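*Asks:* Questions regarding the structure given below will be posed in turn.
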Amino acid sequence: MSVSVLHVADLHLDSKIAGLDTDRRQVRRQELKESFARVCSLAKERAVQIVLIAGDMFDGDTITRDTAAFVVAQLESLAPARVFISPGNHDPYTVGGWRAIRENLPEHVTIFEEKISCVELPDLGVRVYGAGFSGGFINHPVLDGFSAPQDDMINLMVLHGEVCTPGVESSYNPVYPGDIAKSGLDYLALGHVHTHDGLHQAGGVCYAYAGTHEGHGFDECGDKGVLIGEVDKGRVRMEFIPTCLRRYHRLELDITDCATAADMTARVCAAAEEKRDLYRIYLDGTAEMAPPTVAIAEAVGAFACEVIDRTRPRYDLNALAADYSLKGIFARNVRSALENATDAQEAERVRKACDLVLRIFDKGGAL
């Protein structure tokens, strides 16, 4: 007998969404909610029996009244599925956001508190364990010494925590593979890490991070979504399903062979094809002229685009070294430093310093 499970984490509703202007920030804050509504619709479409929410549903201690009403409505919509929530370091179960939710908490929803507790679902043949943050930090590993009964029932757990190698400490509920292996669980649903990196095994226990359902910044690029599938005794089949409305992209483009601003713009626009998405684009290589970064970003036409110039000016050191001037003396010294560089890293440091100084020369001594 198996049970169908949806695993979602790190929603960070009411996030401040850094790095965008006011209008786009408001759009993204609303889209975090819309994306969670998509997750709930997916759970209903797949007739999921258990929904595991692995922490940081909210970004901070408080949420707006509209967000509280929205969350309650979405949780209600998940019935008859059972919903289990493990509050995280951003949204401990003691803070105001959860107090607002508890006032109207549907009966099929369980919010775990500090110590590991268990809800048995005999009709499904399942036990669901969980624990939550009571404050911003948990230094002692919650799984230390935990072991679920070994019988015919499926053992699930939802936790917000940081998987650590032995000997490494963490203030975000350190979870050690050795403790996972001894836990007797069939599936451990984790939150805290915003990237899904596959299913993992410790002993006979399967565990995974679902990642976040929607990217929140340029450190969270690519598809974001949820895990959905079935858990049996000793067997887990989970599929990653993208749910994000927009994706973040970080691109590095070499524009050395671009002769004009139009060439640079065409190179960038060809690379940034998804106009709904958000881009941070680094321009590398050498260039005769400083790239018009603002104009290029506007030409991309994406929801949001930032273009950052990391190009170096095209200086001919040999030509400069032939000049009888202060710049010529400097160029000869640089050429000598490059010839005597002990490795590629030292040579690159010399080139960067050279570029900076020559730019100062060209601007009359000021950056």
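*Asks:* For the stretch 298-311, check the following and say yes or no: at least one residue is assigned to a helix (DSSP H, G or I), surrounded by 16 or more Cβ atoms within 10 Å (Cβ to Cβ) and either at pLDDT below 95 or of a type in the set (A, V, I, L, M) (or both).
*Replies:* Yes, the conditions are met somewhere in the stretch 298-311.
*Asks:* A further question on this structure: Need the failing condition index for Ser86 against (1) surrounded by fewer than 22 Cβ atoms within 10 Å (Cβ to Cβ); (2) closer than 25 Å to Arg29 by Cβ; (3) hydroxyl-bearing (Ser, Thr, Tyr), just the number.
*Replies:* (1)
*Asks:* Sort through Ala73, Ala43 and tell me the only one that's of a type outside the set (D, E, K, R), open to solvent by 10 Å² or more (accessible area, probe 1.4 Å) and at pLDDT 95 or above.
*Replies:* Ala73
*Asks:* Working only within the stretch 208-228, note down all residues that are in contact with a Phe, Trp or Tyr (Cβ under 7 Å, 6 or more places away or on another chain) and either open to solvent by 10 Å² or more (accessible area, probe 1.4 Å) or part of a loop (DSSP other than H, G, I, E, B) (or both).
*Replies:* Selection gives His213, Gly215, Gly217, Phe218, Glu220, Cys221.
*Asks:* Right, next: Could you list all residues from the stretch 229-258 that are crowded, with 19+ Cβ neighbours inside 10 Å and small (Gly, Ala, Ser)?
*Replies:* Within the stretch 229-258, just Gly229 meets the criteria.
*Asks:* Could you tell me how many of the residues in the stretch 46-70 are in contact (Cβ under 8 Å) with a residue 60 or more places away in the chain and either open to solvent by less than 10 Å² (accessible area, probe 1.4 Å) or assigned to a strand (DSSP E or B) (or both)?
*Replies:* 6
*Asks:* Specify the residue that is farthest from the chain's Cα centre (by Cα); the eligible residues are those in the stretch 281-297 that are surrounded by fewer than 18 Cβ atoms within 10 Å (Cβ to Cβ) and either modelled with pLDDT of 90 or more or hydroxyl-bearing (Ser, Thr, Tyr) (or both).
*Replies:* Among those that are surrounded by fewer than 18 Cβ atoms within 10 Å (Cβ to Cβ) and either modelled with pLDDT of 90 or more or hydroxyl-bearing (Ser, Thr, Tyr) (or both), it is Thr286.
*Asks:* Please go through the stretch 122-137 and give me each residue that is touching a strand residue (DSSP E or B) at 6+ places or on another chain (Cβ under 8 Å) and without any contact (Cβ under 8 Å) to a residue 40 or more places away in the chain, ordered by number.
*Replies:* Arg127
Residues checked against (1) in a loop (DSSP other than H, G, I, E, B); (2) out of contact with any Lys or Arg (no Cβ under 8 Å at 6 or more places or on another chain):
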position	(1), (2)
Pro106	yes, yes
Val119	no, no
Gly132	yes, yes
Gly145	yes, yes
Asp152	yes, no
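*Asks:* Take Arg38 and decide whether it is of a type outside the set (Asp, Glu), over 30 Å from Gly125 (Cβ atoms) and assigned to a helix (DSSP H, G or I). Don't jump to the end; show me each part of the working.
*Replies:* Numbers: of a type outside the set (Asp, Glu): yes; over 30 Å from Gly125 (Cβ atoms): no; assigned to a helix (DSSP H, G or I): yes.
No.
The values are calculated or read from the model by the stated rules, or taken from the named source; none is laboratory data. None of these values were measured; they are calculated from a predicted model. So basically every Cβ, Gly included, is an ideal-geometry build from the backbone, and we count neighbours across all protein chains shown. Please note that ligands, DNA and RNA were not included when accessible areas were found on the heavy atoms of the full protein model with its side chains. Shrake-Rupley method; radii C 1.70, N 1.55, O 1.52, S 1.80 Å.
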